[in-house]
1. Please name all residue pairs, on different chains or six or more residues apart, with Cβ atoms under 6 Å, provided the first residue is in segment 89-100 and is touching a residue at least 60 places away in the same chain (Cβ under 8 Å) and the second residue is part of a loop (DSSP other than H, G, I, E, B) and surrounded by 10 or more Cβ atoms within 10 Å (Cβ to Cβ).
2. Report, ordered by the first and then the second residue, all pairs with beta carbons closer than 9 Å, sequence separation of six or more or different chains, a first member in segment 112-130 that is touching a residue at least 24 places away in the same chain (Cβ under 8 Å), and a second member that is in a loop (DSSP other than H, G, I, E, B) and surrounded by 10 or more Cβ atoms within 10 Å (Cβ to Cβ).
3. Considering each of 107, 72 in turn, give the residue that is at pLDDT below 90, out of contact with any helix residue (DSSP H, G or I) (no Cβ under 9 Å at 6 or more places or on another chain) and under 30 Å from residue 125 (Cβ atoms).
């Protein structure tokens, strides 16, 4: 309800009541705005904040087996350390029972000439072994007897 200054009454009691009502409305609106701001910050924290699954003692959750083994193991002060025999880097070669196919990439005879006119020679080779998996095939068989 908007009132124009010309239409305001000069009665101070009525003016005080109007000011009191307006102040009450402003206070209610500010409380609602504050509540909505808190709700907005809560949603924003839930969406973009840290995960609730993280905790500072999270790494201790899976140490149960180690702690049981440590409690069963006798405590010896003179424990002998055995050097670790590490594995060689790389993977094991593929089985000999798998069919092998050799692919050799070579330049055609016309490109095996140097810019100076001499024939090119093989400087080195690179080899790689890959496992190719061919998916199963589905086909229809017509069988007659």
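The values are calculated or read from the model by the stated rules, or taken from the named source; none is laboratory data. What you are looking at is a predicted structure, and each value in this text was computed from that prediction instead of being measured. Neighbour counts are summed over all protein chains in view; Cβ atoms, including those assigned to glycine, are modelled from backbone coordinates with ideal geometry.
1. Pairs that qualify, where the first residue is touching a residue at least 60 places away in the same chain (Cβ under 8 Å) and the partner is part of a loop (DSSP other than H, G, I, E, B) and surrounded by 10 or more Cβ atoms within 10 Å (Cβ to Cβ): there are none.
2. 129/94
3. Working: 72 fails: under 30 Å from residue 125 (Cβ atoms).
Checking each option against the conditions leaves just 107.
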